[in-house]
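I have placed the structure first, in the form of structure tokens, so that the comments after it can refer back to it.
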Amino acid sequence: MNWLIDFFGDADHWSGPYGIPARLLEHLAFSGVAFLVAASIAVPLGMLIGHTGRGALLVVVSANAARALPTLGLLVLVVLLAGVGTALPVLIPLIVLAVPPILVNTYEGIRGVDPDLRDAAYGMGLRGRQVLFQALTPVALPLILLGLRLAAIQVVSTATIAAFVGLGGLGRFIIDGIATRTYADVIGGAVLVAGLALAVQFGFTLLQRVTVSPGVRNLR
């Protein structure tokens, strides 16, 4: 507890380019870009494959393989290939980490919609894209949001690896604290990352309450 008081009570930690606000913005920038890129890839692909059923096995196998990739090892590989000085070595591992949960949950959400509902949509005269967006997606939305939430939390938690290649973010408090044996910074940085992950969790809970219809929530 004393270490937390020392960390958060230090005025130097709340100002300047190395303070908590600046590091938090850097962390959010890495996480936000990686999450948006992953979502823009995985959500449309998962919806398409869940709707058509084509390529399902390949997607599931690829997603499970991507989950097995060590994020830090991938970071080192990208650094060796692309070098340092840009955010690319951090963004690529984070995107690879975020795609599988979004892709799998989106695919399973669309595929798992009751076939009777799909048939009813076609019977009402809807076709192709209309069935996907007007009938299937609203029912699958809780699972889609679950995949997005899992990916966002993983990205926020793992973005601390940016500090390994000399970039910023909340991971700097942890890495620099370990290097200098300033354990108040290590614990303070870990608390900040955990708090940010909880904030993301809470944000998606609110988003689900706003976007998912009460009928679908009760059904789930």
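The values are calculated or read from the model by the stated rules, or taken from the named source; none is laboratory data. The structure presented is a predicted model; accordingly, all values stated were derived computationally and were not measured. Methodologically, a virtual Cβ is constructed for each residue, glycine included, from the backbone with ideal geometry; neighbour enumeration extends over all protein chains shown. Note: accessible area is taken over every heavy atom of the protein model, side chains too, but ligands, DNA and RNA are not part of it. Shrake-Rupley method; radii C 1.70, N 1.55, O 1.52, S 1.80 Å.
Go through segment 132-152 residue by residue and tally those that are open to solvent by 40 Å² or more (accessible area, probe 1.4 Å) and free of Cβ contacts under 8 Å to residues at least 60 places away in the same chain. Total meeting the criteria: 6. Being modelled with pLDDT of 90 or more, more than 27 Å from Ile20 (Cβ to Cβ), hydrophobic (A, V, I, L, M, F, W, C) and in contact with a Leu (Cβ under 8 Å, 6 or more places away or on another chain) is not true of Leu117. What's the number of the only condition in (1) surrounded by 18 or more Cβ atoms within 10 Å (Cβ to Cβ); (2) at pLDDT below 80 that Ile102 fails to meet? All conditions are met except number (2). Would you confirm whether any residue within segment 39-48 is at pLDDT below 90 and either within 18 Å of the chain's Cα centre (by Cα) or open to solvent by less than 60 Å² (accessible area, probe 1.4 Å) (or both)? Checked against the condition, which is being at pLDDT below 90 and either within 18 Å of the chain's Cα centre (by Cα) or open to solvent by less than 60 Å² (accessible area, probe 1.4 Å) (or both), segment 39-48 yields no hits at all. Taking (1) under 20 Å from Pro21 (Cβ atoms); (2) at pLDDT below 90; (3) touching a helix residue (DSSP H, G or I) at 6+ places or on another chain (Cβ under 6 Å) in turn, Thr182 satisfies each apart from (3).
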